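Rule-based calculations on the coordinates, nothing more; no lab input. Note that this is a predicted model, so its numbers are computed, not measured. Here the Cβ positions follow ideal geometry from the backbone for every residue, glycine too, while neighbour counts run over all protein chains shown.
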Amino acid sequence: MVGVGVLAPGNRVLAFPYSFVEAQARKPSAAFCCQIQPQTEEEEEEQESDKKIGRYKWVEVTPIATPLQKQAFSKLPFRMTNRCRALLRQIIVRLGDSDPHRLLPSLLTEWVFLMKPARCDWLAVIKQLTLMNHPLHLRVAEFALLEESFEPHIRDYTKLIHAYGKEGRICDAEALLSVMKERGFVVDQVVLTALVHMYGKAGNLELVEKAFGDIRRLGVPIDVRAYGAMVMAYIRAGMLPKGEDLLREMDEHELRGGSEIYKALLRAYTRAADSEGAQRVFDALQIAGIIPDARICGLLVTAYAASGQIERAFAVVENMRKAGIEPNDKCVAAILEAHERENKIMGALNFLLKFERDGLVIGKEASEILARWLRKLGVVEQVKSVLKDYEATEAAVVDHDTLPGGTEDLPMRRGLAVTPTTRGRQSSQRRGNGR
């Protein structure tokens, strides 16, 4: 059974600072962003001497662990090897204190020396730290790439470059790419796709296009991920027509992008109030086999409403209902805002009455827009009166044409329901006014 503890020569904890890139490339690298000083010759000699005479001990940390740390111990995978479990307990207890970046290299060095981990052990530790969202998981991956026991593959470099890109650490990713090339690994489409993602997220369109051009020059078919990364880069840069061109190119090669690409492009056209572009993307995603849902249709409704084409927006809502898709609150809100911009209060009220007459309920966002608009016009009470008269007339027509047996089957609609007593009173009032 492997003990659990902290490594210490004598009575002190080792400090083994080093630079990842300097150790990889065997030369100083100003581009790498991790500001860690290389190990001195005296420290190297002391470390080798300590290893030879066996002065390092694996001191147990379970007795000093807090209840919260012990709870973290219990969440470690049951099938994890003892050597991996021992290292993770050390990281949880000892490296939760001050300056963990300085203590981590010495801990990993002695773990390698005493436990002799294999590649599967490194991967298990890195995976668990990632699942724990531990801040040192990338540092452990950096250290592992230096170790022969890890047997690094090109995909290990790719994953770390992608992780750097997600955190915006472009200089680290570029330095790691240089180290990878120096070690004899050939840059392939997967690595270049990671660069497209990274530069696109950073908003550097020039480097994005350069990386994508390198993918084309490889002379191999471009995969969906590379196309998708380039489309997203064009969307971030506001170059929507170029993004559409790439989607058409994908279609020519019989490639189908994910729904998130089409949604992002449709959302961008909607924000720009470009209804024609939104309609093209909406048609393209259906050709790609993506079934539109309420959110996708809502984006198209919003695009038409934002461009002032209220009738087209209303037609999309009708088509949604025919297809069995219930319009969401954003669809109704977009149409109401379009009516408000053109000051068409009666058109908005007719739309709402038809909407509720069909058994649909107006949501919070649409209700707030209508209330704000009516308060601005100062006609809240007048509209209430009009709605009551309008509803009474509609209820009487429905009762005469379709419900001759009475009013007990008349559908009750939120805020617009009419009871038999109310309807009779309103009918008497109209007869009296007629006389």
Total formal charge among the other residues, if their Cβ is under 11 angstrom from that of GLU340, Lys/Arg +1 and Asp/Glu -1: +2
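By how many nm would the segment from ILE154 to GLN71 grow when fully extended, if each residue of separation counts as 0.36 nm and the alpha-carbon distance is taken off? Walk me through the numbers before you get to the answer.
Working: separation 83, 0.36 × 83 = 29.88 nm, distance 3.61 nm.
My answer for the length gained is 26.3 nm.
Can you sort CYS297, CYS171 so the residue with the fewest Cβ neighbours within 10 Å comes first?
Numbers: CYS297 21, CYS171 15.
Starting with the residue having the fewest Cβ neighbours, the order is CYS171, CYS297.
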Given a cut-off of 25 Å, name the pairs among LYS344/LYS364; LYS263/LYS322; LYS75/LYS166; LYS127/LYS166; LYS159/LYS181; LYS322/LYS376 whose C-alpha atoms lie farther apart than that in the structure shown. LYS75/LYS166; LYS322/LYS376
Per the rule of 0.36 nm per residue minus the C-alpha distance, extending GLU260 to ALA237 adds in nm 6.6 nm
Lys and Arg at +1, Asp and Glu at -1: neighbours of PRO77 with Cβ under 11 Å from its Cβ sum to +4
Using mean Cβ contacts within 10 Å as the protection proxy, how do 364-372, 302-310 order, highest first? 302-310, 364-372
